Each structure stands twice: as C-alpha cells, then as structure tokens.
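Written below as structure tokens is the structure these notes are about.
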Amino acid sequence: MEILVINAGSSSLKYQLINVETGGVLAKGLAERIGMDGSNINHSWTKDGNECQKSITVELPDHTVAFNVISNLLVDGETGVIPKREDIKAIGHRVVHGGEHYTQTQIVTSEVKKAIEELIPLAPLHNPANLTGINAAEKAFPNAIQVVVFDTAFHHTIPEKAFRYAIPEQFYREDRIRAYGFHGTSHKYVYEQASKYLNKNDLKAITIHLGNGASMCAINEKGQSVETSMGFGPLAGLIMGTRSGDIDPSIIFHMAEEMNMSLEDIKNILNKQSGMLGIAGSNDARDVSKLYHDGDKHAILCYEMYTHRIKKYIGAYTAILNGVDTIIFTAGIGENDALTRQLSCRDLLALGIILDEAANTSKNHPKQPVEIQAENSRVKILVVPTNEELEIALQTWEVVK
Ligand code: AMP
C-alpha cells in the first residue's frame with residue numbers, strides 16, 4: 001500500500017510516496033514558489049534501484065495545480081513509480097497545530113477542517129498552509145482518504161502542572177494559552193525506534209531533536225511525553241538555527257518600551273535573527289562547527305551556549321523522569337554533528353552519562369540507531385535517524401487499513 005505524505009507550506013508542497021509495508025520511499029519532491037513567478041518542482045524517484053532526479057519549471061498558480069502536476073509525475077512513463085493516481089488510496093498530511101482536543105491522528109472531515117481553521121490564531125504561519133494543502137489534495141485525489149497527523153498530538157499526555165503557565169487561569173480557559181509542544185511525530189518515532197533497538201518496552205528516554213528547529217522531550221516508561229521544551233509556540237526552549245529559545249520575557253518589554261522597537265521587529269529578531277545566526281553569524285551548524293575548529297571565538301561561544309542549554313534540559317528531564325535509561329540525539333544536527341553531542345554530554349558523569357568519544361565520531365550519520373556511550377555509562381546514548389514522513393505514513397495507514 002502506497003501512502004502519499006504531504007507537508008504543505010504557504011507557497012510550497014513537500015511530498016513523499018511511501019510503501020508502508022517496506023518503509024521504502026518510491027518518490028519524493030518539493031514544489032516551490034506556488035502562486036508566484038518561477039515556480040518549479042524538484043522530483044526524485046527510484047527506478048531499478050537507481051536514484052533519478054528531475055527539475056521542472058512549471059506554472060503553479062495554486063496548490064491544486066501543484067498536486068495535479070505531482071500526480072502526473074508519479075504516473076508518468078519516465079518519472080513515474082505507480083501505474084495510476086487512483087493507486088494512492090490515502091494521503092497523510094502533516095498539520096502543525098491540533099490544539100487540546102486533537103490528540104490522535106484523524107481522518108479528515110468537515111469538522112476536523114473547521115478545528116484546524118479555528119486553531120489558526122495559535123499557529124498563524126502553519127495551519128492555514130496545511131489547510132490549503134488538504135483542500136487541494138481533496139480536489140486532486142477525490143478518491144483518496146485524507147488523514148491528518150498533528151505535530152502537537154504526541155504531547156497530549158503532558159500533565160497540567162507542566163503545560164500550564166503561571167498566569168491568570170482565564171488566559172488558559174478562554175484564550176487557550178498553555179504549552180502544546182511540537183516535533184511530536186519525530187520524538188515519538190525516534191523513541192519507538194530506540195525502544196525496538198534496545199528491545200525494552202518500558203524505556204525512560206530524553207529525546208533531543210536538533211534540526212533547524214530544536215526541541216527536547218521527556219518520555220516516561222509508558223512511552224508518553226511528559227515534558228517538552230517548546231511551549232505555546234515553537235520559540236521556547238533550546239537555542240535554534242535562527243530562534244532564540246528561552247529568554248526572559250522582560251527583554252521583550254525592554255525592547256518595546258525602552259528601545260522603541262515594534263512588536264513586529266522584536267518578533268523578527270527573536271525568530272529570524274537569533275539563535276546560532278545571532279551568535280555565530282550562520283544558522284547552519286556545518287558552518288559554525290568549521291569556524292569552531294578554526295578557533296573563531298563567536299563560534300566557540302555559540303557551541304558552548306547551544307550545548308549548555310541542552311545540558312540544562314537533560315538535567316531537568318532526568319529529574320522529571322526520576323532517572324533516565326537513554327538519551328537520543330536526532331535530526332540534522334543531532335544525527336550529523338559529533339561536536340554538539342560531545343559538548344552536550346561532557347561532564348555529566350554525576351548523571352551516569354558518559355560518551356565514548358571515538359564511537360561518537362565514527363558513528364556519525366547513521367542509517368540505523370547506534371550506541372555511542374562508553375562501557376561504564378549507566379545511561380545509553382543513542383543516535384537515531386528521524387523519519388517524520390515514514391511516521392506520518394505509518395500513522396495514516398493505522399487509521400485507514
Ligand atoms: P533538519 O531541520 O533536521 O533538516 O536539520 C537541518 C540542520 O542540520 C542544518 O541547518 C544544519 O545546521 C544541520 N546539519 C545538516 N547536516 C549536517 C552535518 N553534516 N553536520 C552538522 N550539521 C548538519
């Protein structure tokens with residue numbers, strides 16, 4: 001059974017056609033600049049074991065047209081991987097915000113779409129684009145079952161003492177202000193991979209997703225998220241590529257009142273110009289680690305700050321979980337940057353976390369879960385490649401099969 005997985009942005013469509021029995025990706029691609037000049041699709045597919053790729057420049061006035069072009073690519077004699085578009089029986093959509101009530105994967109109904117729309121004030125950048133993607137997919141694939149997988153859903157088990165902010169209750173009851181958490185699909189996927197790999201189904205884990213966005217999650221022995229570092233929005237917690245992570249909120253008042261900055265400017269600074277970019281001048285860990293090794297003092301400070309914040313959360317989550325069996329690094333930086341893992345695990349002997357430095361370096365970029373702890377480490381340290389698309393395909397399959 002093939003499932004088409006969709007991650008829709010306001011002017012883009014990322015797609016993967018996945019065979020859920022094998023977990024294999026038959027084709028994938030990205031349509032960009034939808035509704036703008038110069039729109040194009042980068043499509044890649046596997047034929048007879050070979051990776052093939054094609055870039056096409058094509059007018060894409062809206063997402064429905066983009067879906068039609070993509071579905072033609074999927075069945076085309078040259079670029080196609082399936083005989084006809086009706087073979088796609090289900091489409092899994094990534095939706096960022098499911099709010100408090102959508103705690104599970106859902107088959108799309110008008111009620112579900114209404115809920116995604118009502119949640120737009122909580123995810124103004126993402127939910128409208130996700131909804132556009134669903135509506136367009138319904139038109140282009142009228143016979144397929146549409147399913148939504150929410151980024152927030154995995155965190156629905158976080159207890160109230162952890163998700164509430166200490167502000168007057170009305171803001172929670174009436175305005176839905178609470179911590180929701182994000183990257184749920186990735187945290188869940190790598191936890192389950194680790195638990196399979198270690199053959200342990202009562203694993204207490206701290207998952208550390210370090211990509212462009214970054215978050216950590218404390219997962220208890222029942223496999224439930226009980227704490228996560230992102231909160232009401234995706235700005236809280238860890239230092240990220242361009243986002244500040246945790247800051248004292250009084251900085252915002254100071255910037256507005258004493259420095260006469262507009263809210264829009266402050267938002268832009270904290271979301272787009274902070275994090276690694278703000279400290280070291282690049283939001284790509286590959287550049288910053290090169291500068292670190294060249295002795296650049298900004299890059300060195302950036303790595304120290306970045307990994308100090310991770311350590312702070314490792315300590316906090318070890319306490320929340322009353323001890324931890326494994327910590328799991330994942331996503332672009334977590335899987336590929338040995339330096340981040342090395343500095344994040346340094347001097348954690350008191351928590352029983354000891355890295356094997358040689359394994360950390362040699363087992364970079366793994367395709368499967370790998371262990372990188374020292375022999376005398378009480379806590380296992382794993383690098384687990386995340387695969388959010390596969391997790392969305394599997395969850396979609398679960399509800400349609
Ligand atoms: P993601 O959001 O998971 O795709 O992660 C993207 C980020 O991963 C990039 O911005 C880089 O900072 C980082 N990254 C990707 N590959 C590497 C690598 N080989 N070494 C260090 N960082 C990497």
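Solvent-accessible area of the chain (1.4 angstrom probe, protein heavy atoms only): carbon and sulfur portion equals 50 percent. Build a GNM of the chain with springs between Cα atoms under 10 Å apart, and of Gly133, Gly35, Gly213 the one that fluctuates most is Gly35. Past the 12 angstrom mark, what percentage of all C-alpha to C-alpha distances in segment 261-307 do you count? Of all Cα-Cα distances in segment 261-307, 58 percent exceed 12 Å. Per-residue packing, averaged as other Cβ atoms within 10 Å, sorts the ranges 256-269, 237-250 into the order 237-250, 256-269, beginning with the highest.
Distant-in-sequence amide contacts of Met240, defined by a placed amide H-H separation under 5 Å and a gap of 5 or more residues or a different chain, comprise Gly245, Gly275, Met276. Taking the C-alpha atoms only, the angle from helix 263-272 to the longest principal axis of the chain is near 90 degrees. Annotation for segment 175-232 versus segment 59-137: alpha-carbon center distance of 25 Å. Per-residue Karplus couplings for segment 228-236, computed as 6.51 cos²θ - 1.76 cosθ + 1.60 with θ equal to phi - 60°, are listed in order as 8, 7, 7, x, 4, x, x, 9, 7 Hz, Gly and Pro entered as x. Residues whose amide H comes within less than 5 Å of that of Glu227, counting only those at least five positions distant or on another chain, are Ala218 (H built at 1.01 Å from N in the peptide plane). The largest accessible area among Arg173, Arg378 belongs to the first residue in Arg378, Arg173, and the rest follow in falling order (1.4 Å probe, all chains). With both residues required to sit in the chain, DSSP beta bridges show an antiparallel share near 70%. The mean accessible area for residues of the chain, using a 1.4 Å probe and ignoring ligands and nucleic acids, is 47 Å² per residue. Only helical runs count toward this figure. For the chain, summing -39,500 (n - 2.57) over DSSP H runs of n ≥ 4 and dividing by all residues gives -11000 deg cm²/dmol at 222 nm.
The GluC sites (Glu not before Pro) of segment 28-98 that meet both conditions, a loop assignment by DSSP and at most 15 other Cβ atoms within 10 Å of the site Cβ, are Glu59, Glu78. Sorted on the mean count of surrounding Cβ atoms within 10 Å across their residues, most packed first, peptides 139-146, 299-306 read 299-306, 139-146.
Taken one residue at a time, the phi angles of segment 285-292 give Karplus couplings (6.51, -1.76, 1.60, θ = phi - 60°) of 4, 5, 5, 5, 5, 5, 4, 4 Hz. Gly and Pro are set to x. Couplings 3J(HN,Hα) for segment 180-192, derived from phi with the Karplus relation 6.51 cos²θ - 1.76 cosθ + 1.60 (θ = phi - 60°), are 10, x, 9, 6, x, 4, 6, 4, 5, 4, 5, 4, 5 Hz, where x marks Gly and Pro. Projecting the Cα atoms of Tyr172, Gln193, Pro142 onto the dipole axis of segment 97-237, where Lys and Arg carry +1 and Asp and Glu carry -1 at the beta carbon, places Gln193 farthest toward the positive end. Residue ranges 322-330, 38-46 sort as 322-330, 38-46 when ordered by packing (mean number of other C-beta atoms within 10 Å per residue, highest first). Using only Cα coordinates, the Kirkwood hydrodynamic radius of segment 1-143 works out to 15.6 Å.
The values are calculated or read from the model by the stated rules, or taken from the named source; none is laboratory data. No experiment lies behind these values; they were computed from the predicted model shown. Methodologically, a virtual Cβ is constructed for each residue, glycine included, from the backbone with ideal geometry; neighbour enumeration extends over all protein chains shown. To get the accessible areas, we keep the full protein, side chains included, count just its heavy atoms, and leave off ligands, DNA and RNA. Shrake-Rupley method; radii C 1.70, N 1.55, O 1.52, S 1.80 Å.
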